[in-house]
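A.B. asks: Quick one: structure below, then a few questions.
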Amino acid sequence: MVIFKRKRIKNFGFNSKNSTYIIAEIGINHDGNLNTAKDLIRSAAKTGCDAVKFQTYKTENRVKNKKSLIFDILKKCELKLEDFYTLKKFSKKNNIDFFSTPFDIESAKYLKNIGVNFFKIASFDVTNQVFLRKVARLRKPVIFSTGMCNLKEVSNAHKIFSRFTKKVTIMHCVSSYPLDPKNADLNCIKTLSNKFNCLIGYSDHTNSIDVPLYAVAAGAQVIEKHYMINKKMNCVDKAVSITEKDMKEMVKKIRFLENVLGSGSFQLRKSEKNIVQFRRKS
């Protein structure tokens, strides 16, 4: 029998009074423009989500084939390392958490040095155990996604990080862009919850704001959703990104759902006190 008990997310490095931590995944939707990145942060802060997330990398370390299309795209969208310090300060000014996905150890060390609270590891690196060990030794809380992974690969990554920190979050993820909601396989959240004693989340690539709600109902306590300001933006991940308007609505629905789900504990509730006198006992 599957039994869920929602965990205190502060115990895993998340600064939130809520039971679900909501991340606006900006990624590289800034198109390499620092001012656009700031606009995205400013916009995301208006939606009520908890954090913005970026990607930190040197293109040459991330893609070896310099003649490939993906190399050109990533190079165009690459920010300088010092830009992330600027964005971290700007996020703080806008009262929203800032963190990033490092794709090489140089980037990870820089993020640690500027005081980023935790790392996010992309699905594409979960089987890159040499890199995982280097990141783990930095002893920061870690979130990692599980797209394309089997359970053994997830377990191997969890073991590597767990040697250095107890603050590990595993994100169910399907690496399809965009993802058909019918293929979201949200029961994997239950599978992960049963197997691992850590926080479980969901990284969504559908065009729906409802699938993350179902994920929260299934037990996810961290939600990551790609973000753009509006549909006029011509950004890399537009096909899987939602707008400021949609993010506001999603956050509102998740906060309502948190109240509906409650604590999971049986007790006399405040709303029952006026009726309890009519109970029959024998």
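Where a number appears in this text, it was derived from the coordinates with a stated rule and is not lab data. The structure displayed is predicted, hence computed values, not measured ones. When we count neighbours, we look across all protein chains shown, and the Cβ atoms used for this are built from the backbone with ideal geometry, even at glycine.
A.B. asks: In the structure displayed, which of Lys225/Lys245; Lys109/Lys159; Lys140/Lys245 lie more than 25 Å apart, Cα to Cα?
C.D. replies: Lys140/Lys245
A.B. asks: Determine by what factor the alpha-carbon radius of gyration of segment 125-282 differs from 2.2 N^0.38 Å, reporting the quotient.
C.D. replies: In units of the 2.2 N^0.38 Å rule of thumb, it is 1.29.
A.B. asks: To make sure I understand, if each residue's beta carbon is the centre and we count other beta carbons within 10 Å, what order do His172, His205, His158 fall in, fewest to most?
C.D. replies: Going from least to most buried by this count: His158, His205, His172.
A.B. asks: With the dipole of the chain worked out from charges on the C-beta (+1 for Lys and Arg, -1 for Asp and Glu) around the Cα centre, which of Phe90, Val251, Asn197 lies farthest toward the positive end?
C.D. replies: In the chain, that residue is Asn197.
A.B. asks: Could you give the C-alpha radius of gyration of the chain expressed as a fraction of 2.2 N^0.38 Å, taking N as the number of residues it contains?
C.D. replies: 1.05
A.B. asks: Right, next: Give me the one-decimal Kirkwood hydrodynamic radius in Å for segment 86-192, with the sum taken over alpha-carbon pairs.
C.D. replies: The answer is 14.8 Å.
A.B. asks: Same structure again: State to the nearest 20 debye the size of the charge dipole of the chain about its Cα centre, where the only charges are +1 on K and R beta carbons and -1 on D and E beta carbons.
C.D. replies: Charge dipole of the chain: 1300 debye, to the nearest 20.
A.B. asks: Grab the DSSP H runs of the chain that are 4 residues or longer, score each as -39,500 (n - 2.57), total them, divide by all residues and round the 222 nm result to the nearest 500 deg cm²/dmol.
C.D. replies: Calculated at 222 nm, the ellipticity per residue is -10500 deg cm²/dmol.
A.B. asks: Which pairs, out of Lys89/Lys166; Lys10/Lys166; Lys195/Lys248, put more than 22 Å between their alpha-carbon atoms?
C.D. replies: Lys89/Lys166; Lys195/Lys248
A.B. asks: Using only Cα atoms, what Kirkwood radius does segment 1-67 have, in angstroms?
C.D. replies: 14.8
A.B. asks: Continuing with the same structure: Which aspartates and glutamates have a Cα less than 20 Å from the Cα of Lys182, not counting those fewer than 8 places away in the same chain?
C.D. replies: List returned: Asp204, Asp210, Glu224.
A.B. asks: Next up: Give me the three principal axis extents of segment 9-164 from the C-alpha atoms, as integers in angstrom, largest value leading.
C.D. replies: Principal extents (largest minus smallest coordinate, Cα): 44, 39, 27 Å.
A.B. asks: What percent does the relative contact order of segment 9-278 come to when contacts are Cα pairs within less than 8 Å and at least six residues apart?
C.D. replies: Taking the mean separation of contacting Cα pairs over the length of segment 9-278, I get 20 percent.
A.B. asks: Segment 196-282: D in µm²/s via Stokes-Einstein (Kirkwood Rh, Cα pairs, 25 °C, 0.890 mPa s)?
C.D. replies: 156
A.B. asks: Cα-based Rg of segment 150-235 per 2.2 N^0.38 Å, rounded to two decimals?
C.D. replies: So the Cα radius of gyration is 1.19 times the expected 2.2 N^0.38 Å.
A.B. asks: Just in segment 133-169: which trypsin sites (Lys or Arg not before Pro) are loop by DSSP and have at most 14 other Cβ atoms within 10 Å?
C.D. replies: Answer in residue order: Arg137, Arg139, Arg163, Lys166.
A.B. asks: What residues have an amide H closer than 5 Å to that of Arg6, excluding those fewer than 5 places away on the same chain, when H is modeled at 1.01 Å from N in the peptide plane?
C.D. replies: HN-HN under 5 Å from Arg6: empty list.
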